[in-house]
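A short worksheet on the structure shown next.
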């Protein structure tokens, strides 16, 4: 076994299990929250989750203020709006409740409240000099794993491209993983989010920044997600399957924090930016193609992932077994498998490839990734 030296990033306290949202008030009290900013999108308000969270907080003497004026894939202007909104109150803490958009927006607001400026100032890593307000993250989707990461993914409102704004202080102090919160999602939202989590496990396992610590989380995330995804499709109300998806997504988020991602995400972001394709759906189209494209460099590692879930049924004669399995998972999830489904054709690829080559995740792909590589991936996805 080749053990790779590492420095691990682990800071947060994690509560996992059915009904653990009821720990929110207790946690807030432990951290001394008095007036937290509760960042949650309007869908979470409509689902009733926000009111439940408020109830738990008020029982311990908190006076939460809700900010919900942002959309999916929050941009720098939305985050600035959140900062201005929070500035009207004596905010002493922040709670992110929702999917990756809510969690990223919460982190982004914390950047600006404590360090000033605009989100563009924090593109990259380690550019915040002042301490952050304490934060609690409560994901309601099993996808991004943002609750385990020190990055906020915020769209630059000038370029419409995603910025990765990271800092060691931007990680949540505590996380609540309550699978009951994911039951209110439409199944296709869960499928897209789930496939994103699966891609995190796979890409982090082959990233050039992987290490012995991240590998363990990548492998366990893949093992849990591969099984839970199928069971969730069989019965979307299967709480055990939902719990597996949520925990697997969190483990994959820990892996990303310690190893980064790759070409699938580099190619997916321009599809969201220019064509409005949901991130997880774009990943579903791209990941099997990227696995095939990376095969000459990391085929042995992809085979290791197959061994984890199919130890007794390996097809030694099929080096593309992982790519084939991923394609079957896309089919079972009733997701599109080609860019042509969205009327994207050869004439669109040059612009997409130019943008993909500039994405930060591409630099961690195991096979050297540039504009030419992006074109190959996109062409194989038509």
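The condition (being within 16 Å of residue 139 (Cβ to Cβ) and touching a residue at least 24 places away in the same chain (Cβ under 8 Å)) is satisfied by just one residue among 40, 28: 40.
Take the conditions buried (at least 20 other Cβ atoms within 10 Å of the Cβ), under 25 Å from the mean Cα position of the chain (by Cα) and at pLDDT below 90 and apply them to residue 36. Does it pass? In short, no. Checked against (1) under 22 Å from the mean Cα position of the chain (by Cα); (2) surrounded by fewer than 23 Cβ atoms within 10 Å (Cβ to Cβ); (3) modelled with pLDDT of 95 or more, residue 282 passes all but condition (2). Every listed requirement among (1) within 20 Å of residue 329 (Cβ to Cβ); (2) in a loop (DSSP other than H, G, I, E, B) is met by residue 196 save one, (2). Only one entry of 57, 3 meets the criterion of being at pLDDT below 90 and either surrounded by 17 or more Cβ atoms within 10 Å (Cβ to Cβ) or not in a helix (DSSP H, G or I) (or both), and that entry is 3.
The values are calculated or read from the model by the stated rules, or taken from the named source; none is laboratory data. Just so it is clear, the model here is predicted, and its values are computed rather than measured. Every residue, glycine as well, gets a Cβ built from its backbone with ideal geometry; the counts of neighbours run over all protein chains shown.
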